[in-house]
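**Q** My questions will all concern the structure given below.
Values in this text are rule-based calculations from the coordinates and carry no lab data. As the structure is a computational prediction, the values presented were derived from the model and not from experiment. Note that each Cβ is placed from the backbone with ideal geometry, even for glycine, and that neighbours are counted across all protein chains shown.
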Amino acid sequence: MKTSFKSAALVLALGMSVGIAPAWAQPESSVQATASTAEKVSINQASAQELASAMSGIGLKKAQAIVEWREQYGAFSSVDELSDVPGIGHSLVERNIERITL
């Protein structure tokens, strides 16, 4: 038991020294930065399912409306243009501004 604990501690220490520590062992700011980067979704490329999963307040029906609008009118030229989609208001766009990209 002591050997496995020492081994785990050694692996953790070595991993942290080269920057490959597990998320639970990293400083909180690093974990938050990684999470916010990983959660961004492209409103010009994502499927309805991907949009619904990544965005707050967007279910599958609204996500399908985004995809249909994109198919009918072409790619979004700005994130704010998302509010042109029926059922998507400015407040919903603002709520998701950190989660979406073109």
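**Q** So who's got an amide H within less than 5 Å of the one on Ser42, skipping anything under 5 residues away but keeping other chains? H placed 1.01 Å off N, in plane.
**A** Under 5 Å from the amide H of Ser42 lie the amide H atoms of Thr101, each far enough along the sequence or on another chain.
**Q** How big is the Rg/Rh ratio for the range 38-102, C-alpha atoms only, Rh by Kirkwood, two decimals?
**A** For the range 38-102, the value is 0.89.
**Q** Here's another thing I want to ask about it. What distance in nm separates the two pseudo spin-label positions at Ala75 and Lys40, each 7 Å out from Cα along the beta-carbon direction?
**A** 1.5 nm
**Q** On to the next question. Using a cut-off of 12 Å between beta-carbons, work out the net charge of the residues near Ser77 (Lys and Arg +1, Asp and Glu -1, Ser77 not included).
**A** Result for the local shell: -2.
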